[in-house]
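Heads up: the structure comes next, in structure tokens.
The values are calculated or read from the model by the stated rules, or taken from the named source; none is laboratory data. Note that the structure is predicted; figures quoted are calculated from it, not measured. Backbone-built Cβ (ideal geometry, glycine too); neighbour counts: all protein chains shown.
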Amino acid sequence: MKLFVANKNYSSWSFRPWLALRVKNISFDEVFVPFDMPNGNPEFAKFSPTNKVPVLQDGDLTVWESLAILEYLADRFPSAGLWPGGTADRAMARSVASEMHTGFLALRSECPMNMRREHKALQVSDGVHRDVRRITEIWRDCLDRSGGPFLFGGFTNADAMFGPVVNRLAIYRLSDDPAVRSYSESMTSLPAWNEWQEAGRAEPWIVEEDEA
Ligand SMILES: N[C@@H](CCC(=O)N[C@@H](CS)C(=O)NCC(=O)O)C(=O)O
């Protein structure tokens, strides 16, 4: 099984399935293809139907879109616990993962993931503050229900989807809420988190449009 990813410093969508695979100890070959901004890397067309990453190849099968990859992994590795066990928790986990996949546009556009950036506040729009309030509400509700340390107790696809958000809230100093602090500590303490972050920090490329 191969996972195609781009720059670890910046590629938030690549980070999600990569994190899930690593946390769950699922073996895969990483294929790293760096961005080539501003026109896009023509190499992406060789493996990606959308010219975007991440892409998962499993034998003859190609799966694209981060959330579809996470769903596929949950199907393919049922004992990995990529979704929570109970029906209600699973429905809720899928709801928050989908909300992340389609939402929080202000946060995503104004505050790019950046593993290398020093933690420093940024002037942001009301839309970003609204997104942060909603994210905080989701994390607080999930942690209260599950008892933590991850949104549904153990690490699931919902946590993989919110991984890059943990980075954004920290580096732009967007929240000092206790639920955010405790969840961020759980996520950033994962060995897989540190592996990705160190690799991102060591990369030579600067993508100007992602340097807020
Ligand atoms: N909705 C897609 C988004 C994928 C995406 O936008 N990937 C970015 C990297 S984080 C990309 O490949 N950008 C390259 C480009 O647009 O040229 C998903 O969830 O996988």
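For S27, are the conditions met, namely being polar (S, T, N, Q), more than 13 Å from the ligand (Cβ to nearest atom) and in contact (Cβ under 8 Å) with a residue 12 or more places away in the chain? Yes. When S182, S189 are checked against the criterion of being of a type in the set (S, T, N, Q), farther than 20 Å from E99 by Cα and surrounded by fewer than 14 Cβ atoms within 10 Å (Cβ to Cβ), S189 stands alone in meeting it. Just a yes or no: is a residue in region 77-97 assigned by TED's automatic domain parsing to the domain that holds N157, closer than 30 Å to D126 by Cβ and within 12 Å of the ligand (Cβ to nearest atom)? Yes.
Take E71 and tell me if it is near the ligand (Cβ under 10 Å from one of its atoms), under 26 Å from E99 (Cβ atoms) and outside the structural domain of F150 (by TED's automatic domain parsing). Spelling it out, it is not the case that E71 is near the ligand (Cβ under 10 Å from one of its atoms), under 26 Å from E99 (Cβ atoms) and outside the structural domain of F150 (by TED's automatic domain parsing).
Residue by residue, here is whether (1) closer than 24 Å to N25 by Cα; (2) out of contact with any Pro (no Cβ under 6 Å at 6 or more places or on another chain); (3) in contact (Cβ under 8 Å) with a residue 40 or more places away in the chain holds:
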residue	(1), (2), (3)
I69	yes, no, yes
G81	yes, yes, yes
T87	no, yes, no
A93	yes, no, yes
V128	no, yes, yes
V132	no, yes, yes
F150	yes, yes, no
G153	yes, yes, yes
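No other residue among D58, D36 is acidic (D, E), away from the ligand (no atom under 13 Å from the Cβ) and not assigned by TED's automatic domain parsing to the domain that holds P112 apart from D58.
Which ranges mark the strands (runs of 3 or more DSSP E) fully within region 1-118 that have 2 or more residues being over 13 Å from the mean Cα position of the chain (by Cα) and surrounded by fewer than 20 Cβ atoms within 10 Å (Cβ to Cβ)? So the answer is 29-32, 55-58, 61-64.
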